[in-house]
Amino acid sequence: MHAANTTYTKNQLDKLGNAIIFLCNKMGVYGPVSKTQVLKLVYILEEFSIRQWGTPFFGLHFKVWKMGPVSPDLYLEFTEGPSLLSAYIAVENQDQRTVVAPLRAFNDDEFSDQEMALLEQVAERFKTCTAKELINFTHRTNTPWYVTAQRHGLVDILESGQLNTTEIDVDFEAILEGDQAKLSRYHGYLEFLHQSQTLLS
């Protein structure tokens, strides 16, 4: 989102910004919400949405990193300070970790009823999880992160700390194998998103 190759639509940014606000509001009652927690929950929303309907929640790119899966653009927003999400969130360092806080009230305009239900479900299920617990959840053997890392022979290398980041995209199609309807919706969504982003370039 700073030096990204991806152009984001206003709808994408509104949806992402408000989803993060929602998650921070839900989890914030249990203490400050770290950037790692938000990164993982954003990914979980994407994976769960693709599993259930064949359509991404946000349409972000996620990479196979040691602490991944991670959207590099969102990681930069949290590490360097919000740029495209500056109207939605603030980021600051507290007790040697980076925490995220909402700057405005949650707005549900960009969410369908089923997306709101998924947002509620994810927030409720993971609201007390630590960053480490969320990382472990996204590294389960049947997840796109694990399947993609395994395919490239990277699971042991990443988990041992010999490698921190890669340029390999997390492959969500692995969880849609055998379901042609969802796979078709997934490809259709990606094509629509590509066209929308191309118009902004």
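FYI, it's all coordinate maths here, none of it is from the lab. All values reported here derive from a predicted model rather than from experimental measurement. Cβ atoms come from the backbone with ideal geometry, glycine included; neighbour counts cover every protein chain shown.
Dipole of the range 10-200 (Lys/Arg Cβ +1, Asp/Glu Cβ -1, origin at the Cα centre): which of 134, 83, 149 lies farthest to the positive side?
134
Give me the count of lysine pairs in the chain whose alpha carbons sit under 25 angstrom apart, restricted to pairs 8 or more positions apart or on different chains.
28
Of the listed peptides 74-80, 34-40, 86-92, 157-163, what is their order by residue-averaged count of other C-beta atoms within 10 Å, with the highest listed first?
My ranking of the peptides, most packed first, is 34-40, 74-80, 86-92, 157-163.
Highest mean first, what order results for 19-27, 117-125 on Cβ atoms within 10 Å?
Packing order, densest peptide first, comes out as 19-27, 117-125.
Please give the charge dipole size of the range 62-126, origin at the Cα centre, charges +1 on K and R Cβ atoms and -1 on D and E Cβ atoms. Round to the nearest 20 debye.
In total the dipole reaches around 420 debye.
What is the sum of charges, Lys and Arg at +1 and Asp and Glu at -1, for the other residues whose Cβ falls under 10 Å from the Cβ of residue 131?
Summing Lys and Arg as +1 and Asp and Glu as -1 gives +3.
In the P(r) worked out for the chain, what percent of Cα pairs fall beyond 30 Å?
16 percent
Please list, ordered by chain and number, the residues whose modelled amide H lies under 5 Å from the amide H of residue 33; skip anything fewer than 5 residues away on the same chain.
Residues meeting the amide H criterion: 100.
Give the long-range amide H neighbours of residue 171: residues separated by 5 or more places, or on another chain, with amide H under 5 Å away, using H modelled in the peptide plane at 1.01 Å from N.
The answer is 148.
Give the long-range amide H neighbours of residue 89: residues separated by 5 or more places, or on another chain, with amide H under 5 Å away, using H modelled in the peptide plane at 1.01 Å from N.
Correct list: 103.
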